[in-house]
Amino acid sequence: MTLSQTKPIKLSVFYVFLISCALFFLGQQNVNAQDYNQFKGEIIDSDSKKPLVFATLTLANSNISTISNAEGKFSLKIPKETNNGQLIVSFLGYKTKTVALEDLKSGNNKIYLNITITELSEINISIPKDPRALVLETLKKRGENYFNDPTLMTAFYRESIKKRRKNISLSEAVVNIYKAPYSNTRNDVVELYKTRKSTNYSKMDTLALKLQGGPFNALYVDIMKYPQYIFGLDVLKYYEFTFDHSTRINNKLIYVISFKQNETTNDPLYKGKLYIDADKKILTSAIYSLNITDKQKAAKLFVRKKPNRAKVWPTDVAYRVDYREKNNKWYYGYSSAILEFKIDWDDKLFNSVYSMSCEMAVTDWEKNTTKETPKGKNKIRTSIILGDEAFGFSDPDFWGEYNIIEPEKSIESAIKKINRQLKRTKGNGSSVKP
């Protein structure tokens, strides 16, 4: 099989097409009763005082969890009956910290983490002799080290589109993920539970960009469940693997393995770092990007539809996936993708730059004892465009008891604008319908 026949990662599809009208969707939703306590705060490096991005926060002896956002901020909703719980905060390369809930204020809290010091002697002794063999062993042991039971996960998903720095589209959803065991090839099934969106097409130069795949964009970044989309057996030979350095997470020694495509391969593959547990050969995290060696070839992986007078190609495509541990078994916890595109118009002097991002965090889970999955219309298609399925936007209490990823300042600003528009619409006694 030639390299051009291999499949790109499935999140690599989106639509670009002309639109004939501008729509701004708004709506109202019921607010759930507040049977929970909400804790907000920030995860910070104790030395540099800089925020720690994508730190994991988990309520001890439960499956409730969340992550800090790109500014280190977090928001976590915990049932009111849990008064004396412990919050476990972990971050790669830092000492895990346990904080009593009773020590946290309901408002903003600052949690400081200390860097884990790895001895030089440990690094010298622990250098893997064959990084490629280590990666292959890690992939081979996925059925042993990761969840091997059907699991029902609750997750929060967010996707946004920006024109340069301005938000022009925002969609969010709470989803149910019917996660298949890591030991078999059955695909995961996703069900939408709650959704909301807003799109301001007036900022888009008569272009509408749509991300196809919705939550599957993030779900397929789960390398251990879907290794074929990046490390398929037919493309592994085109990669070079090298040992980068060692670090620690939760007192476990972690090998950092760098990978990139070899110099003889011209087709776009991936480059990045794999964080592998040195003892049990478990992938705990991966950060990687598409190697855009040929923008025309890269464009074919992503652009499904576009105007004839426009040239569209990706300038940056980056991914991240993090795994969590429970009872010595690991599972998918968080993933994100950032895609940046440049659009050149035949009849315009300046080009347009857009970025599309999506992220999903598992906030709770339980074993799927019945092994049942949604059927028919209840399960979403892998070709879904979430912006076409979601209806309206509303106040921050819309999600009720469900945990979400705390919005960043730019997204928070966009939400405030949406809510102001909603109030004006109500004040005029009218509504805007699709």
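The values are calculated or read from the model by the stated rules, or taken from the named source; none is laboratory data. In this text, all values refer to a predicted model and were calculated from it rather than measured experimentally. Neighbour counts are summed over all protein chains in view; Cβ atoms, including those assigned to glycine, are modelled from backbone coordinates with ideal geometry. These area figures cover heavy atoms from the full protein model, side chains too; ligands, DNA and RNA do not enter into them. Shrake-Rupley method; radii C 1.70, N 1.55, O 1.52, S 1.80 Å.
Things worth noting here:
- A probe of 1.4 angstrom, applied to the heavy atoms of all protein chains, finds Lys409 with accessible area near 140 square angstrom.
- List Leu136, Leu386, ordered by accessible area with a 1.4 Å probe, largest first: Leu136, Leu386
- Note on Ala278 and Phe350: the model spin-label points, each 7 Å out from Cα along the C-beta direction, lie 5.2 nm apart.
- For the residue pairs Lys50/Lys252; Lys225/Lys371; Lys237/Lys329; Lys210/Lys297; Lys105/Lys252, the C-alpha atoms sit more than 27 angstrom apart in Lys237/Lys329; Lys105/Lys252.
- Virtual spin-label span in nm between Asp130 and Lys252, 7 Å along Cα→Cβ: 2.4 nm
- P(r) of the stretch 184-310 over all Cα-Cα pairs, binned every 5 Å from zero, in whole percent: 2, 8, 13, 16, 16, 15, 13, 9, 6, 2, 1, 0
- Straight Cα distances below 12 angstrom link Lys280 to the aspartates and glutamates Glu137, Glu144, with same-chain residues fewer than 8 positions distant left out.
- Point-to-point label distance, Arg309-Lys375, nm (Cα→Cβ direction, 7 Å offset): 5.1 nm
- Residues in the stretch 299-386 average 53 Å² of solvent-accessible surface per residue, probe 1.4 Å, ligands and nucleic acids excluded.
- Heavy-atom accessible area order for Lys371, Lys377, Lys281, largest first, 1.4 Å probe: Lys377, Lys371, Lys281
- In this calculation the C-beta distance from Asn327 to Lys50 is compared with R0 = 30 Å, giving a FRET efficiency of 0.35.
- Dividing the Cα radius of gyration of the stretch 222-375 by its Kirkwood radius returns 1.05 for Rg/Rh.
- Extension gain for Ala100 to Asn266 (0.36 nm times residue separation, less C-alpha to C-alpha distance): 54.5 nm.
- Long pairs among Lys273/Lys342; Lys311/Lys379; Lys73/Lys326, criterion Cα-Cα beyond 30 Å: Lys311/Lys379
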